[in-house]
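Every read-out reported here was derived from the displayed coordinates using simple, explicitly stated rules and does not represent laboratory data. Treat the numbers as computed from the prediction; the structure is a model and nothing was measured. Glycine gets a Cβ as well: all are built from the backbone with ideal geometry, and neighbour counts include every protein chain shown.
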Amino acid sequence: MSGRPLDVLEAALGEHVTVRLKSGEEYAGELTGYDQHMNLVLSGGERTTDADASGEDTTIIRGDNVVSITP
């Protein structure tokens with residue numbers, strides 16, 4: 001696997017990931033989609049930085065807010 005960002009996202013499709021945003025928020029869920037702008041779709045995504053947060057059906061994250069994606 002190469003280190004190109006879109007190749008890494010392709011390899012992570014269907015896997016559980018944690019996404020950290022510029023705001024400091026973190027979301028965790030199954031990566032079910034992405035595009036060339038690194039906009040992400042998480043299934044069962046939930047905000048892990050909020051103790052009262054519950055799981056959502058689908059979470060869409062705009063790519064320019066993403067700091068890191070951890071499998």
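Between the amide H of Gly33 and those of Val41, distances stay under 5 Å, these residues lying 5 or more places away or on another chain, with hydrogens modeled in the peptide plane. Summary value for the range 5-65: 27 percent relative contact order, contacts being C-alpha pairs under 8 angstrom separated by 6+ residues. Annotation: amide H-H contacts under 5 Å for Thr49 (H modelled 1.01 Å from N, sequence separation of 5 or more, or interchain): Glu26.
Rounded to the nearest 20 debye, the dipole magnitude of the chain is 280 debye, with +1 charges on Lys and Arg beta carbons, -1 on Asp and Glu beta carbons, and the Cα centre as origin. Helix content alone sets the calculated 222 nm mean residue ellipticity of the chain: runs of n ≥ 4 DSSP H residues at -39500 (n - 2.57) each, divided across all residues, give -3000 deg cm²/dmol.
Backbone amide hydrogens, once placed in the peptide plane, bring Thr18 within less than 5 Å of Thr70, excluding anything fewer than 5 places away on its chain. Backbone phi angles across the range 21-34, fed through the Karplus curve with coefficients 6.51, -1.76 and 1.60 (θ = phi - 60°), yield HN-Hα couplings of 9, 4, 6, x, 5, 10, 10, 10, x, 7, 6, 10, x, 6 Hz in residue order; Gly and Pro are listed as x.
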